[in-house]
1. Does F:VAL40 meet the test of being assigned to a strand (DSSP E or B) and at pLDDT 95 or above?
2. Output the residues belonging to region F:1-17 that are within 14 Å of another protein chain (Cβ to nearest Cβ) and either assigned to a helix (DSSP H, G or I) or modelled with pLDDT under 90 (or both).
3. Can we say G:MET48 is at pLDDT 85 or above, assigned to a loop (DSSP other than H, G, I, E, B) and aliphatic (A, V, I, L, M)?
4. Please count how many residues of region F:52-63 are in a strand (DSSP E or B) and within 13 Å of E:GLY7 (Cβ to Cβ).
5. Within region B:45-67, can you find the residues that are more than 8 Å from every other protein chain (Cβ to nearest Cβ) and of a type in the set (Gly, Ala, Ser)?
6. List the residue pairs whose Cβ atoms are under 6 Å apart, where the first residue sits in region A:77-94 and is under 18 Å from A:GLU16 (Cα atoms) and in contact (Cβ under 8 Å) with a residue 40 or more places away in the chain, the second is of a type in the set (Phe, Trp, Tyr) and not in a strand (DSSP E or B), and the two are 6 or more positions apart or on different chains.
7. Starting from region D:49-61, take each residue that is within 14 Å of E:VAL54 (Cβ to Cβ) and list its partners that are among the acidic types (Asp, Glu) and in a strand (DSSP E or B), counting only C-beta distances under 8 angstrom and pairs at least six apart or across chains.
8. Go through region B:48-77 and give me each residue that's surrounded by 14 or more Cβ atoms within 10 Å (Cβ to Cβ) and on the phi > 0 side of the Ramachandran plot.
Amino acid sequence: MKLVPLGDRVVLKQVEAEETTKSGLILTTSAQEKPQEAEVIAVGPGGMVDGKEVTMQVKPGDKVIYSKYAGNEVKLEGEEYIIVRQNDILAVVE
Amino acid sequence: MKLVPLGDRVVLKQVEAEETTKSGLILTTSAQEKPQEAEVIAVGPGGMVDGKEVTMQVKPGDKVIYSKYAGNEVKLEGEEYIIVRQNDILAVVE
Amino acid sequence: MKLVPLGDRVVLKQVEAEETTKSGLILTTSAQEKPQEAEVIAVGPGGMVDGKEVTMQVKPGDKVIYSKYAGNEVKLEGEEYIIVRQNDILAVVE
Amino acid sequence: MKLVPLGDRVVLKQVEAEETTKSGLILTTSAQEKPQEAEVIAVGPGGMVDGKEVTMQVKPGDKVIYSKYAGNEVKLEGEEYIIVRQNDILAVVE
Amino acid sequence: MKLVPLGDRVVLKQVEAEETTKSGLILTTSAQEKPQEAEVIAVGPGGMVDGKEVTMQVKPGDKVIYSKYAGNEVKLEGEEYIIVRQNDILAVVE
Amino acid sequence: MKLVPLGDRVVLKQVEAEETTKSGLILTTSAQEKPQEAEVIAVGPGGMVDGKEVTMQVKPGDKVIYSKYAGNEVKLEGEEYIIVRQNDILAVVE
Amino acid sequence: MKLVPLGDRVVLKQVEAEETTKSGLILTTSAQEKPQEAEVIAVGPGGMVDGKEVTMQVKPGDKVIYSKYAGNEVKLEGEEYIIVRQNDILAVVE
């Protein structure tokens, strides 16, 4: 099963972060503030969205930074995804 | 009786989920958080909606993910439906 | 006397619902949650509304489902009506 | 003195209502919920309003139903008027 | 010194009102609810405002009714003025 | 150092006001309500702003009245400025 | 690694400020109100954003003043950045 986004929607998957605390413990993502960095999984076709022509500028595999307050969390087969509009992607990390 | 949506409206029916708790009980949807996955039942004609041309991109039978905060719940002959605008459908599940 | 709606307005009349409670009592609409199903009584001419061309897609006699949070309640000669914009009608029930 | 409305504004005067309570008392409007029925007193010229072309569709003498939450109350020479935009007039009563 | 409004702004000066209470006292404006009637003092040039062409329809000397919740109060050389957008002027009093 | 505003932004500097209280004390601006009168220090180039063509209508040296709730306060080298959009300037004082 | 902003986004880095308190202590930025002055690090391509053509007017290295309530804070490799839309940049400091 896979998610095929509509319009200017983009399916993201958060990048797992491993971090060491001062006391030496290794924390996985669940114990931390959620990172805003994610990998692009799937990209909508763009085109006419809300009466405005949108050209998609990210592609699967891109690492991106997205707006903290944007997007819908979606769970599919136990995996968590975030679906945002392309406009909520702030920058690509190269 | 059937629902014929207007404009860019789409009639959805939530996908029934059966889930087993840790203690072995089988829960039906009513005891759980509502899933955001639904099946498309009927699709409006699209066309000029709020002064913008809309082309419908989903069809009856599609499994879709829709935005948690969208839509109107409607009950018809004991069955519950959700009517959303196509723009509130985030992705098709294939 | 009759109501002649302006622009994209539609005059609706709620469909009376009779329902039997578990204890056998028959309730009329006033003791229940208001139904969202209504009959179209009169339809505005459409045309240019808020700078957008609107074509009316419902006609008197149609049974429709309308958005719970929309419309103005109006009383005329003891009868209650709801006046909504066509955009607040979600679907026609056929 | 008279009110000459600008743009798509319409000057209304509420229709006086006399009503008999169950105990037989006759109430005038001040002791009741304000009626939403009004008579059109004066009509603006329409034309380009907020960048949109508006054609006036009501005329002095029309009995109209207007939106409960709309309009400005204005007092002129002891008489009370309501000034609404034409878009807040829901229907003409014929 | 004088105020020269920009765009579709209009400078108004409230009309002084003298009123006699039931007990015979004469009240000046400060002890009353502010009247919504005002005299036009100066009128902006209109033209392209917020991307929309605006034609000014009031002129200095006009008595107007303006929306209660609109405008900025401004004090210049001890005199109080209200600066509103033309769209907040409801009607001219003739 | 100087501030060069972008788009339809205008840099203002509040006009210092000296005022004598009833008891004879002289108050400087910090102890008073901030005046809304300001001098234009710098003016953006205008042009296409938010998809709308803006022509700048004020120039450095103009005394202007601006909307009380508008603008960003900015401190540069110990001096305080207010940066507003031209649309928040209500009138020029001549 | 570097941030490549999309659309009309601009990556900023706050200018470090050193300030001496009245008692002689030297404060670094973390103990102060955040400055609104920042250096431009990277600039998006502009073009069609939200259906409006945007031309970028700042370039890397520019010192700018940006709106206090705008932007997303982003951390990359231990460095903090702010990503704003160009429209939230008020002025360039020269």
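The values are calculated or read from the model by the stated rules, or taken from the named source; none is laboratory data. These figures come from a predicted structure and were not determined experimentally. Here Cβ is always computed from backbone atoms with ideal geometry, including for glycine, and neighbour counts include all displayed protein chains.
1. Working: assigned to a strand (DSSP E or B): yes; at pLDDT 95 or above: yes.
So F:VAL40 passes the test.
2. Those that are within 14 Å of another protein chain (Cβ to nearest Cβ) and either assigned to a helix (DSSP H, G or I) or modelled with pLDDT under 90 (or both): F:MET1, F:VAL15, F:ALA17.
3. Taking the combined requirement at face value, the residue does not satisfy it.
4. Count: 2.
5. B:GLY46, B:GLY47, B:GLY61
6. Close Cβ pairs satisfying both conditions: none exist.
7. Final answer for the pair search is D:GLY51/E:GLU53.
8. Result: B:ASP50, B:GLY71.
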